[in-house]
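Reading through the structure tokens given below for one structure.
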Amino acid sequence: MGVDITVLIADWSWLERVPPRERLPRLRDAWYDDGTGLWDHDAPSVEGDWEWPQGDCGAFFAVYEFRGTLGSFKPHFWAGQRWESLRGHVDPQMWGDLDALMSRLFWNGLDDEAEPPHTGHDFFGDDPRTAYGLLAAQAPDGVRELAATWERLVPQLKGLRGDFTKYVATPDGWIPDFEAFASLLEDWGQVLAEATARGWGLVGLTE
């Protein structure tokens, strides 16, 4: 899988000003605009933090830099694989919450598909010419639900360490240990928290 992913949060009311088939192009055009400063290779980017764009559309979206992923979707995919192997060993209450969180962001569930989930097409339309590269999308209501789910999970997450280490840890590859798994989820938690605070939605895009 050579898929990359960029996770953005965006002002849904700004996107709603245009028809569904024009919304994803509008976000892409704003993201690609040289005026944002996001493409200035001399500007440092900090993993585990936000890149706030400049320019005319800078007030309407932001990009999150995940830790330890190099912009690849592979860590997200392998986090899902680790969870599939781990979930049978943990409390069933966590199944529902972690299943809901991960499947609505980056995991396909238990259907063994190799590609990331596609959501949000009702908002962005289903024209493949304009909705290409959409890996995940959550409207503000969905973001709030997932943020609440994440808040329930936070105090339980460290309890997975022992079973993760025993059953699914691996000496190499993506998501080799509990720390990498937890860090990825914590980064998604940061995305959800910021989007919730602003009343925005989120989008995962591949180029």
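The values are calculated or read from the model by the stated rules, or taken from the named source; none is laboratory data. These numbers come from a predicted model, not from an experiment. Positions of Cβ are backbone-derived with ideal geometry, glycine not excepted, and every protein chain shown enters the neighbour counts. Areas reflect the complete protein model, heavy atoms only, side chains present, ligands, DNA and RNA absent. Shrake-Rupley method; radii C 1.70, N 1.55, O 1.52, S 1.80 Å.
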Looking only at the stretch 87-106, which residues are in contact (Cβ under 8 Å) with a residue 40 or more places away in the chain, hydrophobic (A, V, I, L, M, F, W, C) and over 16 Å from Ser183 (Cβ atoms)?
-> Val90, Met94, Ala100
What about Glu207, is it of a type in the set (Asp, Glu) and in contact (Cβ under 8 Å) with a residue 40 or more places away in the chain?
-> yes
Between residues in the stretch 16-31 that are over 17 Å from Gly204 (Cα atoms) and residues that are part of a helix (DSSP H, G or I), which pairs lie under 7 Å by C-beta distance while being six or more apart or on different chains?
-> Val18/Arg26
Among residues belonging to the stretch 5-15 that are touching a residue at least 24 places away in the same chain (Cβ under 8 Å) and open to solvent by 20 Å² or more (accessible area, probe 1.4 Å), point out the one that is farthest from the chain's Cα centre (by Cα).
-> Asp11
Unmet criterion (only one of (1) crowded, with 18+ Cβ neighbours inside 10 Å; (2) at pLDDT below 95; (3) out of contact with any His (no Cβ under 6 Å at 6 or more places or on another chain)) for Asp34 | (1)
Quick one: is Arg161 at pLDDT 95 or above, closer than 23 Å to Arg67 by Cβ and out of contact with any helix residue (DSSP H, G or I) (no Cβ under 8 Å at 6 or more places or on another chain)?
-> no
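Could you tell me whether any residue of the stretch 91-98 is surrounded by 20 or more Cβ atoms within 10 Å (Cβ to Cβ), in contact with a Ser or Thr (Cβ under 7 Å, 6 or more places away or on another chain) and under 21 Å from Gly204 (Cα atoms)?
no
Does Gly2 qualify as being more than 19 Å from Leu192 (Cα to Cα), open to solvent by less than 20 Å² (accessible area, probe 1.4 Å) and in a loop (DSSP other than H, G, I, E, B)?
Spelling it out, it is not the case that Gly2 is more than 19 Å from Leu192 (Cα to Cα), open to solvent by less than 20 Å² (accessible area, probe 1.4 Å) and in a loop (DSSP other than H, G, I, E, B).
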Say whether the condition of being in a helix (DSSP H, G or I), over 17 Å from Trp83 (Cα atoms) and touching a residue at least 24 places away in the same chain (Cβ under 8 Å) is met by at least one residue in the stretch 130-138.
-> no
Could you check how many residues of the stretch 139-177 are loosely packed, with under 14 Cβ neighbours inside 10 Å and part of a loop (DSSP other than H, G, I, E, B)?
-> 4
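Which of the residues spanning the stretch 45-84 are under 11 Å from Ile175 (Cβ atoms) and either open to solvent by 20 Å² or more (accessible area, probe 1.4 Å) or charged (D, E, K, R) (or both)?
Gly68, Lys74, Phe77, Trp78, Gln81, Arg82
The rows are residues; the columns are (1) at pLDDT 95 or above; (2) of a type in the set (Lys, Arg).
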residue	(1), (2)
Gly133	no, no
Arg144	yes, yes
Val154	yes, no
Tyr167	yes, no
Thr170	no, no
Ile175	yes, no
Leu185	yes, no
Gly189	yes, no
Ala197	yes, no
